[in-house]
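Here the structure comes first, spelled out in structure tokens, and everything after it is commentary.
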Amino acid sequence: MKMNKILYILSFVCLAAVLVMSSCSDDDSSQPSPTAEQKVALMNDGTAWVVESVIKDDFDVTSQYTDFRLVLGDFTYAVENSVGNAWPKAEGTWTFANDEGTVIVREDGVNMNVMLTDTTLQLTFTANSKSGRVHSVEGEYVFNLKSE
């Protein structure tokens, strides 16, 4: 009888140890990835990003973008009041070009360097024309945006 009791207790301890060990994990999948966190920040709770300043090839062209608005969604974007080839489509898609979330790429292949704070977003990119008619909008752009 004493031996059965010892076996019962030993079995219980082993089972408890197996359960405890199986619940432990080195998997950090509960931590969001840098790109997941960056995407949430870029989406800005659905609030638009509006212009503070726009620089094109080292010249201030902010006056051309005074009513510009950018809304970033779940790998989508929508712009209002864009000029020329910098944002040729009013709506489109984007994805991350790196694991850090510091470069995004629009569906038209334009890579944008991203600098983000709690209330500001800076996008730096080169716009290319598809025809000679829009050469005036080709160039490197720096959009300094703030949360609306």
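The values are calculated or read from the model by the stated rules, or taken from the named source; none is laboratory data. Remember, predicted model here, so these are calculated numbers, not experimental data. Every residue, glycine among them, receives a Cβ derived from its backbone with ideal geometry; neighbour counts consider all protein chains shown.
With respect to ALA36, is the statement that it is among the small types (Gly, Ala, Ser) and touching a Leu at 6+ places or on another chain (Cβ under 8 Å) true? Against the criterion (among the small types (Gly, Ala, Ser) and touching a Leu at 6+ places or on another chain (Cβ under 8 Å)), ALA36 does not qualify.
Taking (1) at pLDDT 95 or above; (2) within 23 Å of the chain's Cα centre (by Cα); (3) surrounded by 11 or more Cβ atoms within 10 Å (Cβ to Cβ) in turn, PRO32 satisfies each apart from (1).
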